[in-house]
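Okay, structure first, notes after.
The values are calculated or read from the model by the stated rules, or taken from the named source; none is laboratory data. Computed from a prediction, not measured in an experiment: that's the story for all the values here. In this analysis, Cβ positions are derived from the backbone assuming ideal geometry, glycine residues included, and neighbour counts consider all displayed protein chains.
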Amino acid sequence: ATSMYSENDIISTNRPSCPDISQYLYGKVHISKHPVPSVQTLQHRFAWLRAGGHWSPLNCTVNKKVAIVIPFRCRAEHLLLFLQHMHPFLKKQQLDYTIFVLEQDNKGPFNRASLMNIGYIEALKLRKFDCFIFHDVDLLPEDDRNLYTCPEQPRHMSVAVDMFSYKLPYPAIFGGVSAISTEHFKLLNGFSNSFWGWGGEDDDMSNRIRHHHLYISRYPIAIARYTMLRHRKDSPNPHRFNVLKKGQKLFDRDGLNSLTYEVLMEKETLLYTWILVKLKPPP
Ligand code: BGN
């Protein structure tokens with residue numbers, strides 16, 4: 001069998017470029033939180049998808065390929081609501097995109113940052129992606145003008161979240177949803193792998209961005225709006241303040257170049273590329 005991407009990649013040379021901004025954008029989009037759809041329902045509804053949770057416009061060529069990376073564990077209902085929302089959203093933006101779900105297999109504290117690093121490395125083994133969007137599974141964008149692309153500078157996307165009264169909690173925040181070009185992510189050495197449990201890994205990335213003389217860009221607060229799905233709060237990492245402080249000296253040693261993991265399963269379902277990984281537990 002041929003790869004999921006090859007056919008499209010070959011035909012693409014004969015088609016005109018897609019417009020920079022899709023003509024199908026509308027603005028505010030409907031958010032559905034119930035009922036939670038089944039996998040079968042979504043597979044049926046999104047029969048236009050290609051294996052691995054991939055799609056690209058049929059009549060024109062998009063020159064940037066986007067990978068959406070979701071760090072994941074035990075949030076099946078959120079994932080279904082997320083997929084139900086995101087596939088039509090991304091299609092409407094006329095993007096060439098693929099959704100990757102990076103699931104942490106082992107018990108013990110969650111390592112969101114390592115999962116995102118692994119998503120980056122594994123996705124690039126499959127295809128030459130230009131842009132990575134790191135996305136919490138519980139955040140749903142409310143406006144389709146919030147483009148899932150990578151601009152010149154790293155972009156913090158979840159500026160206005162309903163749970164935070166649609167206000168930016170603090171200027172350096174980089175958590176929730178963020179977009180970084182493939183090139184910049186490599187330069188930044190990815191995220192730190194040292195944050196186990198909730199909090200801080202995004203602040204460390206924010207420090208990395210500043211350290212490399214890049215800056216965080218954002219859409220206006222009226223556009224970058226998100227609904228957060230409800231869940232029990234994860235247990236915060238009590239060491240996060242220290243790890244964040246010490247991390248300032250470790251940018252070049254802790255990140256993409258210090259990852260240890262094992263891929264237990266990799267599967268292309270219609271709705272997403274699923275990568276189940278085992279992380280090396282914290283020391
Ligand atoms: C911050 C967290 C972020 C999180 C935002 C929004 C920390 C580190 C403290 C040194 N940072 O407080 O990781 O994205 O809240 O929830 O906990």
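Go through the stretch 170-206 and give me each residue that's within 10 Å of the ligand (Cβ to nearest atom) and β-branched (Val, Ile, Thr).
Across the stretch 170-206, the qualifying residue is only Ile173.
Look at Phe251 and say whether it is among the aromatic types (Phe, Trp, Tyr) and within 22 Å of Ala179 (Cβ to Cβ).
Yes, satisfied.
Give, as residue ranges, the helices (runs of 4 or more DSSP H) completely inside the stretch 172-283 that count at least 2 residues that are at negative phi and either buried (at least 22 other Cβ atoms within 10 Å of the Cβ) or in contact with a Cys (Cβ under 7 Å, 6 or more places away or on another chain) (or both).
Fully inside the stretch 172-283 and qualifying: 182-187, 201-211.
For the stretch 22-41, does any single residue satisfy the condition of being touching a helix residue (DSSP H, G or I) at 6+ places or on another chain (Cβ under 6 Å), under 30 Å from His239 (Cβ atoms) and either surrounded by 17 or more Cβ atoms within 10 Å (Cβ to Cβ) or not polar (S, T, N, Q) (or both)?
no
Does any residue in the stretch 143-165 that is at positive phi and modelled with pLDDT under 95 come within less than 6 Å, Cβ to Cβ, of a residue that is in a helix (DSSP H, G or I) and more than 16 Å from the ligand (Cβ to nearest atom) six or more places away or on a different chain, and which pairs are these?
Hits for this filter: zero, empty list.
How many of the residues making up the stretch 95-125 are in a strand (DSSP E or B) and crowded, with 24+ Cβ neighbours inside 10 Å?
7
For a quick check of your reading of the model, give me the residue pairs whose first member lies in the stretch 211-232 and is more than 29 Å from Gly197 (Cβ to Cβ), whose second is surrounded by 13 or more Cβ atoms within 10 Å (Cβ to Cβ), with beta-carbon atoms closer than 6 Å and at least 6 apart or on different chains.
Pairs found: Tyr219/Asn146; Ile221/Val159; Ile221/Ala160; Ile223/Asp143; Ile223/Arg145; Ile223/Asn146.
Within the stretch 240-262, count every residue that is within 15 Å of the ligand (Cβ to nearest atom) and of a type outside the set (A, V, I, L, M).
Counting residues in the stretch 240-262 that are within 15 Å of the ligand (Cβ to nearest atom) and of a type outside the set (A, V, I, L, M) gives 7.
To keep it simple, each residue is scored yes or no on (1) closer than 16 Å to Gly175 by Cβ; (2) within 20 Å of the chain's Cα centre (by Cα).
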residue: Arg210; (1), (2): yes, no
residue: His213; (1), (2): no, no
residue: Arg218; (1), (2): yes, yes
residue: Ala222; (1), (2): no, no
residue: Met228; (1), (2): yes, yes
residue: Asp234; (1), (2): yes, yes
residue: His239; (1), (2): no, no
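What's the number of the condition Asn237 fails, among (1) within 15 Å of the ligand (Cβ to nearest atom); (2) more than 27 Å from Leu140 (Cβ to Cβ)?
Looking at each condition in turn, Asn237 falls short on (2).
What's the total number of residues in the stretch 145-169 that are under 17 Å from Tyr215 (Cα atoms) and either among the basic types (Lys, Arg) or within 16 Å of the ligand (Cβ to nearest atom) (or both)?
Summing the residues that are under 17 Å from Tyr215 (Cα atoms) and either among the basic types (Lys, Arg) or within 16 Å of the ligand (Cβ to nearest atom) (or both) in the stretch 145-169 gives 7.
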